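Student: Pasting a structure below so you can have a look.
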């Protein structure tokens, strides 16, 4: 029996994760679920949104399902601490980012694939009317480095500023007072670039994708994006049957709405990967269908990419879409090589969407609120029930 650490987190994470477990039970996946503490309530009560006991659980079991997290700016976070924790120098830091870095979950894989019949699918105008392209893109996002590495300062210490001013481009900021200067570093390492590119090409080879596109900005961010480009050229030589393309991230965001069906695997650093994956998610059903895997060499964590949506968390019955969470659980099954069960759930989701009898409020293009159920939207549990009935 598998042992899976469940991390509901905040807001709607506590709603959608149990729905995914219902589907896993229905398909015959046998597992023991061990709940871990993570999220805003633990920041407020303990000054730590990711307690050590939760890290210890993942150290032991090495696989987790994650719901959603609430993150707020550091000044707001500090004010919400319990009175006894105020003024102790505690700083809020995203627990999901901490998990990625602690366990070196350096591969973030985000499939963006259209389900036939989804009214939120991308449609474009043609000379004869409209068409709906079949989009099947998988974004490989480097998950632990780049702008999310956390190496940043406001009012950098003298030794940091002195080191930075050895670069001629810093001359433009020489007279800026320290308290008016905020610096974030963008760190790439060659081993991390090689690993994500190698995994991307292997994935393309395994699942029949014809191309790998690196979406970076080497014409301006020459060193970091340039390193990714260099390593892509080297690695591509071992995959002669897979085409290698390069796009600048800004142009990529334009081209994705012109010919999204032309792309297969997309590789990018942390920030650009976050951006382009949300962009393609918007073409394939929105964040209600956006799922992801965070994979390291000996640990993995699976999560929807939507947020905690606290304004919907208290609605009863719940109206939020469980599709992304359920499809994230499917990615966990793939990781565990439970392919038959994974395909059964995928097919069930596909049938529910295509049939169109049960749709979430966003699929009906309604503004979220308690009245959407009267307008024909299905509740969270009704969507899960429909998927289970198709299994």
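Student: If we scan region 138-152, do we find a residue that is in contact (Cβ under 8 Å) with a residue 12 or more places away in the chain and within 30 Å of residue 356 (Cβ to Cβ)?
Tutor: Yes - at least one qualifying residue is present in region 138-152.
Student: Which count do you get for residues in region 289-311 that are outside any loop (DSSP other than H, G, I, E, B), at pLDDT 95 or above and more than 12 Å from the chain's Cα centre (by Cα)?
Tutor: Total meeting the criteria: 1.
Student: Something else about it: Might you let me know whether region 43-60 holds any residue that is in the same structural domain as residue 323 (by TED's automatic domain parsing) and closer than 28 Å to residue 378 by Cα?
Tutor: No, the conditions are met nowhere in region 43-60.
Student: Just a yes or no: is a residue in region 18-37 closer than 22 Å to residue 85 by Cα, touching a strand residue (DSSP E or B) at 6+ places or on another chain (Cβ under 9 Å), modelled with pLDDT of 95 or more and assigned to a helix (DSSP H, G or I)?
Tutor: no
Student: If I ask for residues that are out of contact with any helix residue (DSSP H, G or I) (no Cβ under 6 Å at 6 or more places or on another chain) and surrounded by 10 or more Cβ atoms within 10 Å (Cβ to Cβ), which ones from region 159-179 would you list?
Tutor: Correct list: 160, 161, 162, 163, 165, 173, 176, 178.
Student: With respect to residue 14, is the statement that it is in a helix (DSSP H, G or I), assigned by TED's automatic domain parsing to the domain that holds residue 329 and either more than 30 Å from residue 142 (Cβ to Cβ) or touching a residue at least 60 places away in the same chain (Cβ under 8 Å) (or both) true?
Tutor: yes
Student: Taking the condition of being surrounded by fewer than 23 Cβ atoms within 10 Å (Cβ to Cβ) and closer than 16 Å to residue 213 by Cβ, how many residues in region 114-153 meet it?
Tutor: The qualifying residues number 3.
Student: Within region 210-218, identify whether any single residue is surrounded by 11 or more Cβ atoms within 10 Å (Cβ to Cβ) and part of a helix (DSSP H, G or I), and answer yes or no.
Tutor: No, region 210-218 contains no residue that is surrounded by 11 or more Cβ atoms within 10 Å (Cβ to Cβ) and part of a helix (DSSP H, G or I).
Student: For region 352-376, which positions are outside any helix (DSSP H, G or I) and over 26 Å from the mean Cα position of the chain (by Cα)?
Tutor: 356, 357, 374, 375, 376
Student: Filter region 143-198 down to the residues that are touching a strand residue (DSSP E or B) at 6+ places or on another chain (Cβ under 8 Å), part of a helix (DSSP H, G or I) and farther than 30 Å from residue 107 by Cβ and list them by number.
Tutor: Answer for region 143-198, where residues must be touching a strand residue (DSSP E or B) at 6+ places or on another chain (Cβ under 8 Å), part of a helix (DSSP H, G or I) and farther than 30 Å from residue 107 by Cβ: 160, 164, 179.
Student: Within region 27-34, does at least one residue satisfy the condition of being at negative phi and in contact (Cβ under 8 Å) with a residue 60 or more places away in the chain?
Tutor: Scanning region 27-34, I find at least one residue that is at negative phi and in contact (Cβ under 8 Å) with a residue 60 or more places away in the chain, so the answer is yes.
Student: When the residues of region 55-66 are filtered to those that are touching a helix residue (DSSP H, G or I) at 6+ places or on another chain (Cβ under 8 Å) and assigned to a helix (DSSP H, G or I), which remaining residue is surrounded by the fewest Cβ atoms within 10 Å (Cβ to Cβ)?
Tutor: 55
The values are calculated or read from the model by the stated rules, or taken from the named source; none is laboratory data. Here the structure is a predicted model, which is why all the values come from computation and not from measurement. FYI the Cβ positions are ideal-geometry reconstructions off the backbone, even for glycines, and counts take in every protein chain you see.
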